[in-house]
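*Asks:* Provided herewith is a single structure, encoded as structure tokens, for subsequent inquiry.
The values are calculated or read from the model by the stated rules, or taken from the named source; none is laboratory data. Predicted, not measured: the structure shown is a model, and the values here were computed from it. Neighbour counts are summed over all protein chains in view; Cβ atoms, including those assigned to glycine, are modelled from backbone coordinates with ideal geometry.
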Amino acid sequence: MCLLGTGGTLPLPDRSLSSLYVRVNGRAMLVDCGEGTQVGIRRLGWGFRCLEGLVLTHFHGDHCTGLPGLLLSLEKAGKDEPFDIYGPAGLKRVVEGLCVIVPKLSYAVRLHEYPPEGREFEMIGLQIRAFPVNHGIPCYGYRMELPRKGAFDPERAAAMKVPMEDWKKLQAGECVRVGLRKIHPEDVLGPERKGISFAFSTDTRPCETLRKYTAGADLAILEGMYAEEEKAPLALKNHHMMFREAAGIAKEAGVEHLILTHFSTSMEDPATEIGCAREIFERTEAGQDGTVIRLNYPRDREPARMTIGRKEGWYTPAERPIADG
Ligand SMILES: [Zn+2]
Ligand SMILES: [Zn+2]
């Protein structure tokens, strides 16, 4: 996955607004679509057409105003399959409002509004749980799981006289016939193995659902709006999280890694503030626009293997050409 935007409230030249590109075996989706998301996707180079859908956290502008441009970019990329958008109640009204300027598209846009308690659904092979968080307006975090089938047992397949050319089908979950007998995948696969799990949640105070649905995840990407202690009253008032609060969630939930995002424009370089989070949860990183995170299936019962890097072509804070104000 790639963090396309790690800014909160307002964009900076090196920090676009909230968006995460998630790709699984060539299929892709977005979480949030802040202004400029389509620019981030171009920089990344992972493509538009493979995007099957978008899930929104909430309807503050920094999380959804990139939508009209994204839909136009999808059309220009030749998209003809339906595009699914999931979000809080009111989604239809928000999308219709934002898309007054979008002409009729070459593909269908399907809208799915959550009931207050959120919902479970599937996208790009991920099992997704949208859960409500605490931001003053309806806002949802996401738990995503990539399940993993059991290991293929060639001895069992050979004993059942399954021809080798059919092994791939069984591994892919299809049944095959051997003479008059139907062989099911579970006949030749071992028990389901540990998959990959991660959580994404921004714009919330620490809350019980956030703890519950980040529990045990291989990775949590959480909001760190402010680091400096004097900003704590502001975080409380505007329903945002401090670095130390996100680290507290990561620790209590027992996640493997924490990456912070959604930084206030008042923070020059979030990486230099990371100490206050690491005091609480050591394996914390500050996300940057262009941060690429790769999670691989684990061995046996271990956590997923994570690598983190940065795509070239994004600004660094030192290169920021325009001062604030
Ligand atoms: Zn926000
Ligand atoms: Zn917000």
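*Asks:* Can you pull out every residue in region 219-244 that is basic (Lys, Arg) and closer than 15 Å to Arg278 by Cα?
*Replies:* Correct list: Arg244 only.
*Asks:* Look through region 1-48, keep the residues that are of a type outside the set (Ser, Thr, Tyr), within 14 Å of ligand 1 (Cβ to nearest atom) and farther than 16 Å from Phe263 by Cβ, and return whichever of them is surrounded by the most Cβ atoms within 10 Å (Cβ to Cβ).
*Replies:* Across region 1-48, the extreme among qualifying residues is Cys33.
*Asks:* Which one is nearest to ligand 1 (Cβ to nearest atom), of the residues in region 49-76 that are without any contact (Cβ under 8 Å) to a residue 60 or more places away in the chain and either touching a Phe, Trp or Tyr at 6+ places or on another chain (Cβ under 6 Å) or small (Gly, Ala, Ser) (or both)?
*Replies:* Across region 49-76, the extreme among qualifying residues is Gly61.
*Asks:* Within region 1-81, which helices (runs of 4 or more DSSP H) (wholly inside it) include 2 or more residues that are more than 16 Å from ligand 2 (Cβ to nearest atom)?
*Replies:* Answer list for region 1-81: 37-44, 67-76.
*Asks:* Taking Tyr297 as the residue in question, decide whether it is closer than 20 Å to Asp62 by Cα and touching a residue at least 24 places away in the same chain (Cβ under 8 Å).
*Replies:* Taking the combined requirement at face value, the residue does not satisfy it.
Every residue, every condition in (1) more than 21 Å from Met1 (Cα to Cα); (2) modelled with pLDDT of 95 or more; (3) not β-branched (Val, Ile, Thr), yes or no:
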| residue | (1), (2), (3) |
| --- | --- |
| Ser106 | yes, no, yes |
| Val109 | yes, yes, no |
| Gly118 | yes, yes, yes |
| Phe121 | no, yes, yes |
| Ile128 | no, yes, no |
| Met164 | yes, no, yes |
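*Asks:* Looking at (1) touching a helix residue (DSSP H, G or I) at 6+ places or on another chain (Cβ under 9 Å); (2) under 26 Å from His60 (Cβ atoms); (3) aromatic (Phe, Trp, Tyr), which is the only condition Tyr315 fails?
*Replies:* All conditions pass for Tyr315, except number (1).
*Asks:* So, in region 77-125, how many residues would count as being more than 22 Å from the chain's Cα centre (by Cα) and either on the phi > 0 side of the Ramachandran plot or in contact (Cβ under 8 Å) with a residue 24 or more places away in the chain (or both)?
*Replies:* Selection size over region 77-125: 11.
*Asks:* Does any residue of region 224-238 turn out to be within 16 Å of ligand 2 (Cβ to nearest atom), under 17 Å from the mean Cα position of the chain (by Cα) and in contact (Cβ under 8 Å) with a residue 40 or more places away in the chain?
*Replies:* Among the residues of region 224-238, at least one is within 16 Å of ligand 2 (Cβ to nearest atom), under 17 Å from the mean Cα position of the chain (by Cα) and in contact (Cβ under 8 Å) with a residue 40 or more places away in the chain, which makes the answer yes.
*Asks:* Another one. For region 164-187, indicate whether the set of residues that are surrounded by 13 or more Cβ atoms within 10 Å (Cβ to Cβ), among the small types (Gly, Ala, Ser) and in contact (Cβ under 8 Å) with a residue 24 or more places away in the chain is non-empty.
*Replies:* no
*Asks:* Exactly one condition in (1) assigned by TED's automatic domain parsing to the domain that holds Ala253; (2) buried (at least 17 other Cβ atoms within 10 Å of the Cβ); (3) over 25 Å from Cys64 (Cα atoms) is false for Glu208; which is it?
*Replies:* Looking at each condition in turn, Glu208 falls short on (2).
*Asks:* Just checking, does region 100-118 include any residue being farther than 18 Å from Phe48 by Cα, surrounded by 19 or more Cβ atoms within 10 Å (Cβ to Cβ) and of a type outside the set (Phe, Trp, Tyr)?
*Replies:* Scanning region 100-118, I find at least one residue that is farther than 18 Å from Phe48 by Cα, surrounded by 19 or more Cβ atoms within 10 Å (Cβ to Cβ) and of a type outside the set (Phe, Trp, Tyr), so the answer is yes.
*Asks:* Another question, if that's okay. Kindly list the number of the only condition in (1) under 20 Å from the mean Cα position of the chain (by Cα); (2) over 22 Å from His63 (Cα atoms); (3) not hydroxyl-bearing (Ser, Thr, Tyr) that fails for Ile280.
*Replies:* Going through the list (1) under 20 Å from the mean Cα position of the chain (by Cα); (2) over 22 Å from His63 (Cα atoms); (3) not hydroxyl-bearing (Ser, Thr, Tyr), Ile280 breaks only (1).
*Asks:* So, Ala250, is that one crowded, with 24+ Cβ neighbours inside 10 Å, among the aliphatic types (A, V, I, L, M), at pLDDT 95 or above and under 23 Å from Leu12 (Cβ atoms) or not?
*Replies:* no
*Asks:* To continue, here is another question. Run down Glu285, Glu312, Glu319 and say which single residue is among the acidic types (Asp, Glu) and modelled with pLDDT of 95 or more.
*Replies:* Glu285
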